[in-house]
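The values are calculated or read from the model by the stated rules, or taken from the named source; none is laboratory data. None of the values given here were measured: they were computed from a predicted structure. Note that we place each Cβ from the backbone using ideal geometry, even for glycine, and neighbour counts take in every protein chain shown.
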Amino acid sequence: MAINGNLKAGLLILCIGVAAAPTLAAALSAGDAVGTTEADIRAALEAEGYDVSEIAIEVEATLDGEAYEIEVSLDTGEILEIERDDDDGGDD
């Protein structure tokens, strides 16, 4: 699927892939600030005992009236995944 520069980014959030023991997962909560750069995010999570395996960007965008979620590697800039959102709330 070709994606061009006409995408309008609606929301940019960081998705963090982590592998940690379940007891450590409770150390952080939704809403906690861990940083705005890859280095800050990695350092904050590692300080809590997490082993960070990947940091990526998830973009919610529209193209020609269709909604998409696009995951981009923060390390390489490579598109990792593109999902088209259905009107019923599911993903294709």
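When residues in the stretch 33-46 are screened for being assigned to a loop (DSSP other than H, G, I, E, B) and either touching a residue at least 40 places away in the same chain (Cβ under 8 Å) or small (G, A, S) (or both), 2 of them pass.
For A30, indicate whether it is farther than 29 Å from Y68 by Cβ, small (G, A, S) and modelled with pLDDT under 90.
no
In the stretch 47-66, of all residues being free of Cβ contacts under 8 Å to residues at least 40 places away in the same chain and hydrophobic (A, V, I, L, M, F, W, C), the one that is surrounded by the most Cβ atoms within 10 Å (Cβ to Cβ) corresponds to V52. Applying the criterion of being at pLDDT 90 or above and among the β-branched types (V, I, T) to the residues of the stretch 58-76, the residue that is nearest to T37 (Cα to Cα) is V72.
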